[in-house]
1. So, with +1 on the Cβ of K and R and -1 on the Cβ of D and E, and no other charges, what is the size of the charge dipole of the protein assembly as shown about its Cα centre, to the nearest 20 debye?
2. Could you tell me what % of all Cα pairs in the protein assembly as shown have separations over 38 Å?
3. Find the percent of Cα-Cα distances in the stretch B:3-189 that exceed 22 Å, and round it to a whole number.
4. Using Cα centres only, tell me the gap between the stretch A:127-178 and the stretch B:18-45 in whole Å.
5. For the stretch A:1-92, what are Rg and Dmax over the alpha carbons, in angstrom?
6. When Lys and Arg each count +1 and Asp and Glu each count -1, what net charge do the other residues less than 15 Å away from A:Lys172, Cβ to Cβ, add up to?
7. Once you charge only the Cβ atoms, +1 for Lys and Arg and -1 for Asp and Glu, what is the size of the charge dipole of the stretch A:86-160 about its Cα centre, to the nearest 20 debye?
8. Pick out, from B:Gln3, B:Gly17, B:Asn69, the residue whose Cα sits farthest towards the positive end of the charge dipole of the stretch B:3-189, with +1 on the Cβ of Lys and Arg and -1 on the Cβ of Asp and Glu.
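Quick note: the coordinates plus some simple rules give every number you see, no bench work behind them. Values in this document were obtained by computation on a predicted structure and should not be read as measured data. Quick reminder, even Gly has a Cβ in these numbers, built from the backbone with ideal geometry, and neighbours come from all protein chains shown.
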Protein chains: 2
Amino acid sequence: MMQELKDRILKDGKVIGEDILKVDSFLNHQIDTDLVYKIARYLGSNFSGVNKVLTIEASGIAYALAVANYFNNAPMVFAKKSKSKTVDMNTVYKTTIKSFTRGTESVVTVAKDYLTKDDKVLIIDDFLAEGNAALGLIDLCKQAGSTVVGVGIVIEKGFQGGRERLEKMGIKVESAAIITKFENGKPILK
Amino acid sequence: MMQELKDRILKDGKVIGEDILKVDSFLNHQIDTDLVYKIARYLGSNFSGVNKVLTIEASGIAYALAVANYFNNAPMVFAKKSKSKTVDMNTVYKTTIKSFTRGTESVVTVAKDYLTKDDKVLIIDDFLAEGNAALGLIDLCKQAGSTVVGVGIVIEKGFQGGRERLEKMGIKVESAAIITKFENGKPILK
């Protein structure tokens, strides 16, 4: 756990409805750049042997870049959510990810060239809830024969089962902050 | 112009169809992290007085973060393309951007709290073609009363008029690489 991030969530996080934490002011719309690099050092220091960082567009990208910077500027790959003219579906790994926040399912792809058997991958994302995004990214790594070193998360919702699902697969999970529950419209942090 | 980026485009860029440059192997799918920070230093060194960096999700985010890091970890904001449950449309600035690559139009928003009259904004994006994304981001800054210090671009397609449209508005544009044309399926760089 990272005290500075915990303090910031308590100060600036807003709870919307029953279980959505809005941290747009510093984490995933406006970005506190200094905090990003501190989070990256915290997450990076908990893993070793990483030679590639994988995330999913869009809000994981800033954290993944900073973590890749921590690992001696290892390459970073972001899985893509939509098809553009420049994606050839014969050359990509694909998986389906359910978004908790948006209530949607999306097909997510990584070009086969950018995940290989030689990659020791640290998966980075801004949130962990039920773990669907992480499981999707792990699935892409498995298709590629890449090694998953672990999953690094900025904010984990510790009550939605994501960590348990990942740890059951033998995946190491490290989060910079863990919310254990929401109470009276406030996050309670571990 | 940045020689290392020019060399890399010539080595690893692929031209698809008549005018789409695919640089997925190092620039906007798999990211060469070391190159990102070099590009950020190049772009950053061409502007001064910046206290906020603005981009648009998703592929601009990595470059915007690295440029924000260059400017003493200034805050970075990325405009969002889609509505999620956590966006209240009464509290955002919005504009419409046509995507050259995808052939689509999208509504793009920034929460009003994160662009203000005090912001001296450097707009960063991975590509400049007709300039539609940059014009949309400038429009958001104007709505907010923010000062636009300039536009920093990783790869400019110099034959699609984007720079001219921006410079006519008095906006300074700096690009790390400029493609003057495509010839026999190869990019010709300035």
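1. The calculated dipole for the protein assembly as shown is roughly 280 debye.
2. 13
3. 43
4. So the two Cα centres are separated by 28 Å.
5. Using the Cα atoms of the stretch A:1-92, the pair Rg, Dmax is 15.6, 47 Å.
6. It works out to a net charge of -1.
7. 120
8. Projecting each Cα onto the dipole axis, the largest value belongs to B:Asn69.
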